[in-house]
Amino acid sequence: MRNQPKPDCKGRKFVKVFTILDKHGRKPSRLVPILQAVQEEYRYLPEEVLTYVATALDVSPARVFGVATFYSHFAIEPKGKHLVRLCDGTACHVKDSIPILDAIRKRLGLDEKHKTTPDMLFTVETVACLGACGLAPVLVVDEQVHGQMTPENGVKLIEAIIAQEQAQ
Amino acid sequence: MNNPTLKIMDPAMGNGGKIQRRVIVCAGTGCVANGAYKVIAAFNDQIAAAGISVTTEFKVEESQHDLRLNKSGCQGFCQMGPLVTVLPDEILYNKVKVEDVEEIVSQTLVGGKVVDRLLYVDPATKKHCKGINDIPFYQRQQRFVLKECGTIDPESIHEYLHHGGYAAAKKAFLKMSQEQIVQEITKSGLRGRGGGGFPTGRKWEAARAQKSAKKYVICNADEGDPGAFMNRSVMEGNPHSVLEGLMIAARAIGADETLIYVRTEYPLAVARMKRAVQDAQKMGFLGDNVFGSGQKLNCEVMEGAGAFVCGEETAMIASIEGQRGMPRPKPPFPAQSGLWGKPTIINNVETLAHVVRIINQGADTFRKLGSSASPGTKTFALTGHVANTGLIEVPFGTTLREVVLNIGGGITDRRGKVKADGFKAVQIGGPSGGCLTKDHLDLPLDYDSLRSVGAMVGSGGLVAMNQKTCMVNIARFFMDFTQRESCGKCVLCREGTRQMLSMLDDIIEGRATGETLVLLEKLAAAVQKGSLCGLGKTAPNPVLSTLRYFRAEYDAHVFHKYCPTGQCKALAKPSIDATKCKGCMACGKKCPVGAITGERKKPHVIDQAKCIVCGACADTCKLEAVVGV
């Protein structure tokens, strides 16, 4: 039975994981795409889901956690509703991307260690390179790419989201 | 000067020749970010409103429509996007907004006139350039890999076929033996475009000679080098050319399974590669009977998960096998024992795109460009402080001056203006590479001459930097990157890069002594020696090359506690050049802490005790009299 844990053993939310696992034939070699699909579903990798995935693939939880923590794309902490990613590739860096990050972090009261606001509204992170170097510096807010960014305009984008959230 | 490789050939008109007009909107990542999809939608509406019958689909047979509107992949001139090309007029409009579409439709498509205000203006001559043949950025390039990026619809396999697509793969599967293919590639002298520059023919021969029922070919599209986007653009602009090259590689070594490993940060490239694979499957180019040859070939697109080290061959294999992406020692080389222990070759996106042309046109044609040890062309991502940022393709051996000053249009200052004496350095090869200075402007860009000056071609990222860039800060930037991306397997890479980073932090924050520099160099040599893979072996390169060419800047930080560019805030000492200051008082008004004093028409002075090094004065001063910030 180790290979077939019941889909509802820890509540209904595992049903989707079950579908993902089946789609990938429950092969341990498919661990990276499986975790990608899980993260797309939950927006992060919840601990209990990782344990579940390990059981289903018949590998140790350490292996699954090892992979989940190795790749920067995977998050084991929940992310805020709005994801703000600043590109800090070389082109963006030489075009002064860091002052933009500083300005946004300051507006939201975040720093290097605290990436998500306590109200879970924003997560601010840097990304190595988005390949949109022609538009440097680049800020991505909820998958929308904003090029030739400045600290003032970055903060304006954040203010606009806050205003929108408050209106709702 | 007309560049023949850029001319739009007749077949490009497509749709059987009945359609006279084409409107092509660039839909690469850069242009999409600037609203290209909205522009396409506006064109669709406005063209229909003007009574012109329009289609978005490519068809080989005669079409009933007057105009074809399509999107293209990245055209390389990202900064000027969204780009709109009108054919056969060969007009290139840039920075087109939704509001401009009506004018283009009424003036150009209906009236046959050029809308001057949307043309590119050459900053050097102030001339309005009508199309790519007038724009120096394009004129000076020779585009082969990028040739069709920008004309064809990347999501139409039919249009790729119409351009002679899959002819090379067909030839490889039906008319050439495995040995013949490998021989042709070896003869072409093609070297891997991903960084190392290893001869592709030799790699293929090693895998071909292996006796194994199962072999794999992997396309390395994990372009992790920050500041480089050549592979992204090729995949977005002409995904079928990559797939075709991959098929030829598979045929050459006798593999029946292929895999394209794309970084997850490139969603558009992932989507277009997946679409290309699906369409090729539908056409029977992939599957159980490729081109009716009876041979089997499958292809899968896999997304990476954000680890730079996975660009290394053995780390990529580990990642595909569902493990942490950690490299292993070589030998055995992947060509002997790779994915699942089977012979595997891993080729870069651009390498595979070149393969198609070599099989089509022969090794001799390929060798006509470039230098004898580095034949062919190379794409570079030109970014940083240059007037024309974007994607370019030039023959190997082109000088740095030609690339940065002529194609790039010169170095810009912080306000974006071109400055004649602004050039400070170019960083080439990303975190594994090094910097080149003014003395290297006439150095031919190829594998061997770059290696001789302590730099490398790498994947082809070229970041230009102006006089306001602190080289110590740049070295720290790369060290921070490699330190974060080190997989942790080798102690010297894991701990050594971390220590090097903290020494660089000491330097830019004013805690360093002469001993720090000695230790930094010593540790750099140790990290190079004690690391298994390319990441660790090359991680100290940016530090070593800046130390070699900009020693004085390190000395200023360490011994004088002063950052000449003022980028390192802790060591910035802004001052006003009394010979330049006219006493206009503008800076004093901007200073948030009132640190600037002086009478009208007399040079001003900054009070160091009050100054918070915000740089507002330097931004305000039109005479550039404020220095050191």
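Filter region A:52-65 for residues that are under 11 Å from A:Phe14 (Cβ atoms) and under 21 Å from the mean Cα position of the chain (by Cα) and give the result.
The answer is A:Tyr52, A:Val53.
If we scan region B:528-535, do we find a residue that is part of a helix (DSSP H, G or I), within 14 Å of another protein chain (Cβ to nearest Cβ) and either among the β-branched types (Val, Ile, Thr) or within 29 Å of the chain's Cα centre (by Cα) (or both)?
yes
Suppose the filter is in contact with a helix residue (DSSP H, G or I) (Cβ under 7 Å, 6 or more places away or on another chain) and touching a residue at least 40 places away in the same chain (Cβ under 8 Å); does B:Lys171 pass it?
Here the answer is yes, as B:Lys171 does meet what is asked.
Can you tell me which residue in region B:263-322 is farthest from the other protein chains (Cβ to nearest Cβ), limited to those that are among the polar types (S, T, N, Q) and buried (at least 21 other Cβ atoms within 10 Å of the Cβ)?
B:Thr314
Answer yes or no: is there a residue in region B:294-303 that is modelled with pLDDT under 95, among the small types (Gly, Ala, Ser) and not assigned by TED's automatic domain parsing to the domain that holds B:Thr29.
Within region B:294-303 (the criterion being modelled with pLDDT under 95, among the small types (Gly, Ala, Ser) and not assigned by TED's automatic domain parsing to the domain that holds B:Thr29), the answer is yes, since at least one residue qualifies.
Search region A:131-156 for residues being within 10 Å of another protein chain (Cβ to nearest Cβ) and polar (S, T, N, Q), and hand back the single one that is surrounded by the fewest Cβ atoms within 10 Å (Cβ to Cβ).
A:Gln144
Quick one: B:Phe43 ticks every box in (1) in contact with a Ser or Thr (Cβ under 9 Å, 6 or more places away or on another chain); (2) crowded, with 22+ Cβ neighbours inside 10 Å; (3) aromatic (Phe, Trp, Tyr) bar one, so which box is it?
(1)
So which residues in region B:176-217 are of a type outside the set (Gly, Ala, Ser), closer than 17 Å to B:Gln361 by Cβ and not in a helix (DSSP H, G or I), if there are any at all?
B:Met176, B:Leu190
From the set of residues in region B:139-175 that are over 14 Å from B:Val356 (Cβ atoms) and of a type in the set (Ser, Thr, Tyr), which is nearest to the chain's Cα centre (by Cα)?
B:Thr151
Output the number of residues of region B:65-97 satisfying the condition of being of a type in the set (S, T, N, Q) and either without any contact (Cβ under 8 Å) to a residue 40 or more places away in the chain or touching a Ser or Thr at 6+ places or on another chain (Cβ under 7 Å) (or both).
Going through region B:65-97 one residue at a time, the tally reaches 4.
Within region B:464-482, is there a residue that is at the interface with chain A (Cβ under 10 Å from one of its Cβ atoms), among the basic types (Lys, Arg), part of a loop (DSSP other than H, G, I, E, B) and surrounded by fewer than 21 Cβ atoms within 10 Å (Cβ to Cβ)?
There is at least one residue in region B:464-482 that is at the interface with chain A (Cβ under 10 Å from one of its Cβ atoms), among the basic types (Lys, Arg), part of a loop (DSSP other than H, G, I, E, B) and surrounded by fewer than 21 Cβ atoms within 10 Å (Cβ to Cβ).
Checking B:Ile185 against (1) closer than 26 Å to B:Phe285 by Cα; (2) free of Cβ contacts under 8 Å to residues at least 40 places away in the same chain: exactly one of these is not met. Which one?
Answer for B:Ile185: the failing condition is (2).
Would it be correct to say that B:Lys113 is at pLDDT 90 or above and on the phi > 0 side of the Ramachandran plot?
No, not satisfied.
Kindly evaluate B:Ala539 against the criterion of being in contact (Cβ under 8 Å) with a residue 40 or more places away in the chain and in contact with a His (Cβ under 8 Å, 6 or more places away or on another chain).
no
Quick one: A:Ala128 ticks every box in (1) under 17 Å from B:Ala33 (Cβ atoms); (2) within 14 Å of chain B (Cβ to nearest Cβ); (3) surrounded by 14 or more Cβ atoms within 10 Å (Cβ to Cβ) bar one, so which box is it?
(1)
Residue by residue through region B:23-54, note down the ones that are farther than 29 Å from A:Cys129 by Cβ and part of a strand (DSSP E or B).
Scanning region B:23-54 gives B:Val23, B:Val54.
Give me the residue from region A:94-105 that is buried (at least 19 other Cβ atoms within 10 Å of the Cβ) and at pLDDT below 95 and, out of that set, farthest from the other protein chains (Cβ to nearest Cβ).
Filtering first and then ranking leaves A:Ser97.
Just for helices (runs of 4 or more DSSP H) wholly inside region B:251-362: which have at least 2 residues that are small (Gly, Ala, Ser)?
B:267-282, B:313-320
Among the residues of region B:412-434, count how many are touching a Lys or Arg at 6+ places or on another chain (Cβ under 9 Å) and either crowded, with 24+ Cβ neighbours inside 10 Å or under 21 Å from B:Arg548 (Cα atoms) (or both).
Of the residues in that region, 6 qualify.
Which condition number does B:His385 fail, the rest of (1) away from every other protein chain (no Cβ under 14 Å); (2) buried (at least 24 other Cβ atoms within 10 Å of the Cβ) being met?
All conditions are met except number (1).
Can you tell me which residue in region B:156-175 is modelled with the highest pLDDT, limited to those that are part of a loop (DSSP other than H, G, I, E, B) and out of contact with any Asp or Glu (no Cβ under 8 Å at 6 or more places or on another chain)?
My answer is B:Lys175.
The conditions are (1) crowded, with 22+ Cβ neighbours inside 10 Å; (2) outside any helix (DSSP H, G or I), and B:Pro542 fails exactly one of them. Which is it?
(2)
Among the candidates A:Ala68, A:Ala56, A:Ala91, which residue alone is in contact with a strand residue (DSSP E or B) (Cβ under 7 Å, 6 or more places away or on another chain), crowded, with 20+ Cβ neighbours inside 10 Å and not hydroxyl-bearing (Ser, Thr, Tyr)?
Result of the check over A:Ala68, A:Ala56, A:Ala91: A:Ala91.
The values are calculated or read from the model by the stated rules, or taken from the named source; none is laboratory data. Keep in mind that what you see is a predicted model, and the values were worked out from it rather than measured. Reconstructed Cβ throughout: ideal geometry from the backbone, glycine too, with neighbour counts over all protein chains shown.
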